[in-house]
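Participant: Pasting a structure here, questions to come.
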Amino acid sequence: MQEFKEGRRGSTTAPQVQFSHREPPMELAGTGARTGDNVGYISFVLFPRATAAGAQRQKTIDLIHTFRNYLHYHIKCSKAYLHCRMRARTSAFLKVLNRARPEKKATEKKTISGKTFTRK
């Protein structure tokens, strides 16, 4: 979410994005909005140039409507990336453990009849 806040530095025409964790923004105070550790709010500050009549207004509306899907997609991609890294790390740890395992000595065993064999 910090990246959205800092994204405005790259483009002066981008809307200002505010993210609040746990507590709702001031606009939602007194409305019974949820609070807690697993709750976050994103607010967009739109300027008149983004809401002017015409194609720009429609583009702004379309982008805000698709923001939820965009955010969910990137959350899922981040989660998949982390899982991939964890699997690779687990695999590397298992290789280390397998290399550290002492090799079994080849011992000769005898059967009841007295024949010897080596167990591999």
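Participant: Please work out if K59 is open to solvent by 100 Å² or more (accessible area, probe 1.4 Å), within 30 Å of T13 (Cβ to Cβ) and within 19 Å of the chain's Cα centre (by Cα).
Facilitator: So K59 fails the test.
Participant: In this structure, is P102 modelled with pLDDT under 85 and either open to solvent by 60 Å² or more (accessible area, probe 1.4 Å) or not hydroxyl-bearing (S, T, Y) (or both)?
Facilitator: Criteria met by P102.
Participant: Keeping to region 24-55, report how many residues are farther than 20 Å from T66 by Cα, open to solvent by 50 Å² or more (accessible area, probe 1.4 Å) and in contact with a Phe, Trp or Tyr (Cβ under 8 Å, 6 or more places away or on another chain).
Facilitator: Within region 24-55, residues that are farther than 20 Å from T66 by Cα, open to solvent by 50 Å² or more (accessible area, probe 1.4 Å) and in contact with a Phe, Trp or Tyr (Cβ under 8 Å, 6 or more places away or on another chain) number 1.
Participant: If you go through region 1-23, how many residues are modelled with pLDDT of 70 or more and either surrounded by 10 or more Cβ atoms within 10 Å (Cβ to Cβ) or touching a Ser or Thr at 6+ places or on another chain (Cβ under 9 Å) (or both)?
Facilitator: Result for region 1-23: 10.
The values are calculated or read from the model by the stated rules, or taken from the named source; none is laboratory data. Here the structure is a predicted model, which is why all the values come from computation and not from measurement. Heads up, the Cβs are rebuilt from the backbone with ideal geometry, glycines too, and the neighbour counts pull from every protein chain shown. These area figures cover heavy atoms from the full protein model, side chains too; ligands, DNA and RNA do not enter into them. Shrake-Rupley method; radii C 1.70, N 1.55, O 1.52, S 1.80 Å.
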